Amino acid sequence: MNVAKLLEKRRVQWSELERLCDAMEMRGRTDKSGFKHHQGAQGIARFSTLYRAACADLALADTYQLPPGTVTYLHRLVARAHNQLYRANKFEPQSWSTIIFETAPQQIFSDPCVRVATIVFFGLFALAMYLGRNDTLIPGFADRMVGTEQLSQLEDAYEAPLAGSLDHYVSMSGFYIMHNTGIGLRCFAYGILLIPCLISLAYNALALGTMFGYMARPDVVGGDNFFEFVTAHGPFELTAIALAAAAGLRIGIGLFYTGGLARTESIRVNALKAVPVMAASALLFTLAAFTEGFISPSPLPYVIKAVWSVFSSGLISFYIVVLGFPREAGEFASQLQAGEPTDAA
Amino acid sequence: MASPAALDTTIAVVTPENIAFDYQLAGPFRRLPAYLIDLGVRWGVIIIVVICLSVAGLLASFSGSSSFVIASGFILYFLISWFYGTVLETYFNGRTIGKWACGIRVIDTDGRPISGKRAMLRNLLRIADLAPPVVISSFANEAFPIYVPTGMVGLLTMVCTRRMQRLGDLAAGTMVIVDERGWRLPVAKVDDPRVPALASFFPGDYRVSRSMAKALAIYAERRHYLTPARRREIARHLAIPLIDRFEFRADIDPDLLMYALYYQVYLSDPSDEIADLGPLAGFSPLRRDQNKPQGLVGDTANPISPAVNGPPPGTASVRPTPGSESHVPDTSLLGKPLPRPQTGVSQPKGEQPPNSLQAVPRREEQR
């Protein structure tokens, strides 16, 4: 049989497959292709039959000595049908609790990047706080670090005692979710470049630390109000920033500590490891935002805010240390459970 | 031979059906418009949301719940600006609106569709790919500096990686491919009557090699875009060995010869009847028939020699032929007396070897 006749014969099926692809690209279904026998399950069965036929044609293209133009066409047709047959995996919300409560804490506990980020962040934070509080060590440190204008603005903001209506709280918590989680995500994204992430982390640590130290000076008005404000949400928010940077650093470090993998492969593996940590960080940011919106600015007594602060610190410690402690026995058991069905199969 | 991998922006993917097919990768200049469209759509959606919310806020301000509207405005802005690409790529099979408009799609490097986790990673890391941002100093004011992302990091990694991946793609293990629609099935049609005639002079058991078949098909597809002189120049490289092998006349048009071989390989059917040669019947392109009286030799017309615009390089005889090549047979052959009427299968009288299809291989054995 000559090639032209072969093509004419096969072309009928190919154009049918194309029409099915058209229909599936629009709606994800085969119903709208215009053929009667393409309704529902029948259409899907027909689609997969035609797809396999096109695959076979492509496989035999070399043997049939099809013209290169036709081979290109077949490549595209098969690719197109392949994209419709194997569709994107949706999110799996049922796996999210596993990620948040099992994978993430274990990863946080065992990841050296978390330790590095935490030490950098809280170390610089404490240093800046000390230098900002004590003006004699480096005179004018706070003014140069944060800026005189910002410091006076900060003072003005906390001169009055905290009081606000519910309206204010709700809108502000929305703003904090947007703003602070945005900073965290930015820190995470820059982690793949390492240096911008570290700079961003260090800058946040120094600026926040200096503000804290400056407000702790005895001669600054509004210091008490400031600390009353930041006490409640401090633990969540500071931990969240450190974790976001740690997740970012995990990806960037993958570029250097490849563990025997190719560099691109190593980045991929480390990025997948970083996702649970980032998810935990985003959760903490959200918790911090609601705390910052509702508890921090409220005229509640300071004791309640302090108790909330202690409680949230305990919660984070429980999350990282207890949930995250490496459990060999548990892992072994889960491996056994996972192994059984494969053995049976 | 060259290395087996083509020096091309295609990537082979092996499907579960154990078929390898090629994807064409999308480069930076296909992806940039898609990104810009997405940026526009994102801001359009944000503006619409803001307008809707401000209307809702006006209504809600009477009932005293406008703060919820403001809070939801902030949260929606946050979600749209950070998770637009993630959600669209996950739910629309690797495409955002901009990608759909530009005909590109994100897939896994293994050719599988993208998963939600990977879509999230590659979209979050876009910030790093757009680095470093520059501040436009002429518009800059102290409070609101305008940052413009340059995208140098992403461009650099796309240039350096085999699959043209940006950093986000590398981290997520994805790649962006061209997902074109609306192509046509290319089948070249032969409408020149000289082509089947000439094709009948190829021996029936002559099989072209695969690379030759490929070259013929590419040539037949492209020759419409070339001038006749350029066609001859290109075709000559393959035609001269064929002329030597099958002992055609030296002044045969190389373009016509290649086209005839294409017809022989792809379009003709061995079981077909020999085509009606019409006025061309009896004309032989073979070299040994060149000096025989055919009613054409010595005439001003030779239907298969290159048409008028100057003699083709490499041919010894210079015959002025009128008209362009397409109507040469019509003008010069109609009405001519054909002293030796024969078709490709009819046996000629005399000691001349038969002009039929079986003749040439036998003589090749002798050589």
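For the reader, a short list of remarks on this structure follows.
- Of the candidates B:Gly111, B:Gly44, the single residue that is in the same structural domain as B:Leu170 (by TED's automatic domain parsing) and buried (at least 16 other Cβ atoms within 10 Å of the Cβ) is B:Gly111.
- Matching residues in the range A:237-271 - criterion: being crowded, with 23+ Cβ neighbours inside 10 Å and part of a loop (DSSP other than H, G, I, E, B): A:Gly254
- Pair list, Cβ under 9 Å, 6 or more apart: the range A:57-69 residue assigned by TED's automatic domain parsing to the domain that holds A:Ala81 and in a helix (DSSP H, G or I), other residue buried (at least 17 other Cβ atoms within 10 Å of the Cβ) and among the charged types (D, E, K, R): A:Asp57/A:Arg10; A:Ala59/B:Glu17; A:Tyr64/A:Asp57; A:Pro68/B:Lys214
- A residue that is without any contact (Cβ under 8 Å) to a residue 24 or more places away in the chain, touching a Lys or Arg at 6+ places or on another chain (Cβ under 6 Å), surrounded by 18 or more Cβ atoms within 10 Å (Cβ to Cβ) and closer than 21 Å to A:Thr98 by Cβ occurs nowhere in the range A:272-289.
- Any hit, the range A:225-236, residues being under 20 Å from B:Met120 (Cα atoms), part of a helix (DSSP H, G or I) and in contact (Cβ under 8 Å) with a residue 60 or more places away in the chain: no
- Elements of type strands (runs of 3 or more DSSP E) contained in the range B:99-162, each with 3 or more residues being modelled with pLDDT of 85 or more: B:104-108
- Residue within the range B:112-134 that is touching a residue at least 60 places away in the same chain (Cβ under 8 Å) and facing another protein chain (nearest Cβ under 7 Å) present: yes
- Within the range A:149-176, considering residues that are among the hydroxyl-bearing types (Ser, Thr, Tyr) and away from chain B (no Cβ under 14 Å), the one nearest to A:Ala280 (Cα to Cα): A:Tyr158
- Yes/no for A:Ile108 being more than 10 Å from every other protein chain (Cβ to nearest Cβ) and loosely packed, with under 15 Cβ neighbours inside 10 Å: no
- Tally of residues being in contact with a Phe, Trp or Tyr (Cβ under 9 Å, 6 or more places away or on another chain), more than 10 Å from chain A (Cβ to nearest Cβ) and of a type in the set (Gly, Ala, Ser) across the range B:95-111: 1
- Total residues in the range B:83-94, condition facing chain A (nearest Cβ under 8 Å) and surrounded by 21 or more Cβ atoms within 10 Å (Cβ to Cβ): 4
- Some residue of the range B:10-18 being among the β-branched types (Val, Ile, Thr), within 12 Å of chain A (Cβ to nearest Cβ), over 23 Å from B:Arg122 (Cα atoms) and assigned to a helix (DSSP H, G or I): no
- Test: A:His179 is surrounded by fewer than 21 Cβ atoms within 10 Å (Cβ to Cβ), closer than 26 Å to B:Arg126 by Cα and within 11 Å of chain B (Cβ to nearest Cβ): yes
- Within the range A:197-208, restricting attention to residues that are surrounded by fewer than 24 Cβ atoms within 10 Å (Cβ to Cβ) and out of contact with any Lys or Arg (no Cβ under 9 Å at 6 or more places or on another chain), the residue that is nearest to B:Ala172 (Cα to Cα) is A:Leu198.
- Checking each residue of the range A:70-89 against the condition of being more than 10 Å from chain B (Cβ to nearest Cβ), assigned to a helix (DSSP H, G or I) and of a type in the set (S, T, N, Q) gives no match.
- Of all residues in the range A:119-165 being among the acidic types (Asp, Glu) and crowded, with 16+ Cβ neighbours inside 10 Å, the one that is nearest to A:Leu249 (Cα to Cα): A:Asp143
The values are calculated or read from the model by the stated rules, or taken from the named source; none is laboratory data. Nothing here was measured: the structure is a model prediction, and the numbers come from that model. Note that each Cβ is placed from the backbone with ideal geometry, even for glycine, and that neighbours are counted across all protein chains shown.
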